[in-house]
1. Using a basic spin-label model with each label point 7 Å from the Cα along Cα→Cβ, how many nm lie between L66 and R22?
2. Return the FRET efficiency for the residue pair R102, S80: r is the Cβ-Cβ distance, R0 is 41 Å, and the value is rounded to the nearest 0.05.
3. Looking at the chain as a GNM with Cα springs under 10 Å, which of R96, R105, R22 has the largest mean-square fluctuation?
4. Using modelled backbone amide H atoms (1.01 Å from N, in-plane), which distant-in-sequence or interchain residues come within less than 5 Å of V47's amide H?
5. If you take every residue apart from T114 with its C-beta less than 10 Å away from the C-beta of T114, what net charge results, scoring Lys and Arg +1 and Asp and Glu -1?
6. How large a share of the accessible area of segment 1-113, in percent, is made up of carbon and sulfur atoms when the probe is 1.4 Å and the other protein chains stay in place?
7. For the chain, what is the per residue volume of the convex hull drawn over the alpha-carbon atoms, in cubic angstrom?
8. For segment 32-46, take each phi angle, set θ = phi - 60°, evaluate the Karplus expression 6.51 cos²θ - 1.76 cosθ + 1.60, and give the result in whole Hz per residue in order, putting x for glycine and proline.
Amino acid sequence: MSASFPEIVQTLEQRHVDAYGRVNGDRNRIHYDADVARAEGFDGPIVHGALVAAILMRACTGAFGLDWMTRGTMSVRFQSPCIVGETIRTGGELTRREALDREVRETWAVWCETTSGRRLITGEARGIVRLDAAG
């Protein structure tokens, strides 16, 4: 099975964390204050895990199309925190392809990692691909 999963490369900066925190209401200082984050054992403020997962979901939308938002699923495990300022990338490997009537269901092992290779999130994504798009 050879297919390509969309790679998104993005540096997560404090402005991204601040904007996400305004939307979700998370005011935990570990995301905003370097001294608090260091006191908790981190190298600096940490990015919200759900923000990192959202970037992985954006890659899934690229793999499956907009139908993935209503017909796809993703389950993940958080492996390691992302420190503000780190550059991350998404990846995936096709593990299963099932032919249905006029569609194909694909299952991917997916991940998000730092550019140095430290895994932040691992999991599985499933979605439907139209036959004409599945090749």
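1. Inter-label distance under the simple model: 2.7 nm.
2. Details: r = 40 Å, r/R0 = 0.98.
The value I calculate is 0.50.
3. R22
4. When sequence neighbours closer than 5 places are left aside, the close amide H contacts are C82, I83, V84.
5. Net charge in that neighbourhood comes out at +1.
6. Details: 3020 of 6480 Å².
Carbon and sulfur: 47 percent of the exposed surface of segment 1-113.
7. Values: hull volume 14.0 nm³, N = 135.
Per-residue hull volume (Cα only) is 104 Å³.
8. 10, 10, 4, 5, 5, 4, 5, 5, 8, x, 9, 7, x, x, 9
The values are calculated or read from the model by the stated rules, or taken from the named source; none is laboratory data. The model shown is predicted, which means the values in this text are computed figures rather than measured ones. Counting neighbours? That spans all protein chains shown, and the Cβs are built from the backbone with ideal geometry, glycine included. Heads up: the accessible areas ignore ligands, DNA and RNA and are worked out on the full protein's heavy atoms, side chains in. Shrake-Rupley method; radii C 1.70, N 1.55, O 1.52, S 1.80 Å.
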